[in-house]
1. Can you tell me which residue within the range 138-163, out of those that are within 17 Å of L127 (Cβ to Cβ) and over 19 Å from the mean Cα position of the chain (by Cα), is surrounded by the fewest Cβ atoms within 10 Å (Cβ to Cβ)?
2. Quick one: in the range 245-259, of everything that is of a type in the set (A, V, I, L, M) and either under 16 Å from V124 (Cβ atoms) or touching a helix residue (DSSP H, G or I) at 6+ places or on another chain (Cβ under 7 Å) (or both), which residue is surrounded by the most Cβ atoms within 10 Å (Cβ to Cβ)?
3. Within the range 238-249, which residues are touching a Phe, Trp or Tyr at 6+ places or on another chain (Cβ under 9 Å), assigned to a loop (DSSP other than H, G, I, E, B) and in contact (Cβ under 8 Å) with a residue 24 or more places away in the chain?
4. For the subset of the range 17-32 comprising residues that are surrounded by fewer than 24 Cβ atoms within 10 Å (Cβ to Cβ) and either without any contact (Cβ under 8 Å) to a residue 40 or more places away in the chain or not hydrophobic (A, V, I, L, M, F, W, C) (or both), which member is farthest from N119 (Cα to Cα)?
5. So, I67, is that one part of a helix (DSSP H, G or I), of a type outside the set (G, A, S) and within 20 Å of F185 (Cβ to Cβ) or not?
6. Could you tell me which residue of the range 33-44 is surrounded by the fewest Cβ atoms within 10 Å (Cβ to Cβ), considering only residues that are closer than 17 Å to H247 by Cβ and in contact with a strand residue (DSSP E or B) (Cβ under 9 Å, 6 or more places away or on another chain)?
7. Looking at the range 147-161, which of its residues are within 18 Å of A194 (Cα to Cα), outside any loop (DSSP other than H, G, I, E, B) and touching a helix residue (DSSP H, G or I) at 6+ places or on another chain (Cβ under 9 Å)?
8. Between a residue in the range 185-198 that is under 17 Å from K155 (Cβ atoms) and any residue that is assigned to a strand (DSSP E or B) and modelled with pLDDT of 95 or more, which pairs come within a Cβ distance under 6 Å, given they are 6 or more apart or on different chains?
Amino acid sequence: MSLSFSLKFNIKPFKIIEAQNSILLTGSCFTEKIGEYLKKSGFNTFINPFGIIYNPISISNSINSVIENRIYNQNDLFLTHEKRYVSFEHHGKFSGNEISKVLKNINGNIQNAHFFLKNASCIVITLGTAWAYRLKNNNKIVANCHKVPNNQFAKELLSIDTICQNLVLTIENLRNFNKNIKIIFTVSPVKHLADGIVENLQSKSVLLLSIKEILDELPENNYYFPSYEIVTDELRDYRFYENDHAHPTLQATEYVWQRFVNTCFTESATKKVDDAMKLNKMLNHRQIVEGNEPNPDIFERIKLFLETYKKQK
């Protein structure tokens, strides 16, 4: 995508993602966008084992729970006014009318993520906001308020020290669990306008400074990819946001994805993305030969792609 009106800044490349890598992604909704591109490109991925989470404390807690292979029980859930069982540490997609099914979903996902993370090559951590909600009855920060009345929470802007302390401990836990894992931090370009324009900028600033302190202290195998800066300073226009003026459009997300590939992917990984893109175009085009049978060439291309990139590490 050529954008002559944009101000493109240099990003120092760190080409750590190989064609055969397995990648776990966790954090904000922007994590899911990048994760889907990785999936479509044939990478072995695990996206948001706790669902979409925004604040760094809850993200840290979720990663630590995956490392510990924590088992949730009925005491970790509560019944909402909609008669659905939910966890304050999970996104609403981990909710349901039957407590046994909710727990099975939560614990099964944690167990799968635990084994995936043990052998993962990379984890991408996307921080969304430094604003957090603390439940008054137990003083714990929640990942999701689940429409519980506001008077049951205390809202706070997390400090840089608090964020750094939690994430540094999580990094140590990750390295003890998987000594070879590489960590990519990024800040979501999604605007949290419900907090207010000024408050959103304060929040993003806290996140950016926190990551800088962490990387200054622990530079080895920890990296930063500037998703937030690409959207706000390279694209820098509301035409690249949805009608809510908060979420980047498909065009903006594709642009960030290309910058991500150019910054983080090795030559072999980039070729894999290109091969997958060509293959997806063939599949989407639904090439048909006489007799309404799929074009045999498609199957050969799929087989070749799988054989070329079958080994995951």
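The values are calculated or read from the model by the stated rules, or taken from the named source; none is laboratory data. Treat the numbers as computed from the prediction; the structure is a model and nothing was measured. Glycine also receives a Cβ, built like all others from the backbone with ideal geometry; neighbour counts cover every protein chain displayed.
1. The first filter runs over the range 138-163 and keeps only residues within 17 Å of L127 (Cβ to Cβ), leaving 141-144, 156-163.
From the residues that got through so far, the ones that are over 19 Å from the mean Cα position of the chain (by Cα) too are 141, 156-162.
Details: I141: 22, E156: 14, L157: 14, L158: 21, S159: 12, I160: 18, D161: 10, T162: 18.
Here the answer is D161.
2. Keep residues of the range 245-259 that are of a type in the set (A, V, I, L, M), which gives 246, 250, 252, 256.
So of that shortlist, the ones also either under 16 Å from V124 (Cβ atoms) or touching a helix residue (DSSP H, G or I) at 6+ places or on another chain (Cβ under 7 Å) (or both) come out as 246, 252, 256.
Working: A246: 14, A252: 22, V256: 25.
Applying the filter and picking the extreme gives V256.
3. H245, H247, listed by residue number.
4. Applying the filter and picking the extreme gives E32.
5. Judged against the criteria, I67 is a match.
6. Ranking the qualifying residues of the range 33-44, first place goes to E36.
7. Within the range 147-161, K155, L157 meet the criteria.
8. Pairs that qualify, where the first residue is under 17 Å from K155 (Cβ atoms) and the partner is assigned to a strand (DSSP E or B) and modelled with pLDDT of 95 or more, are D195/W131.
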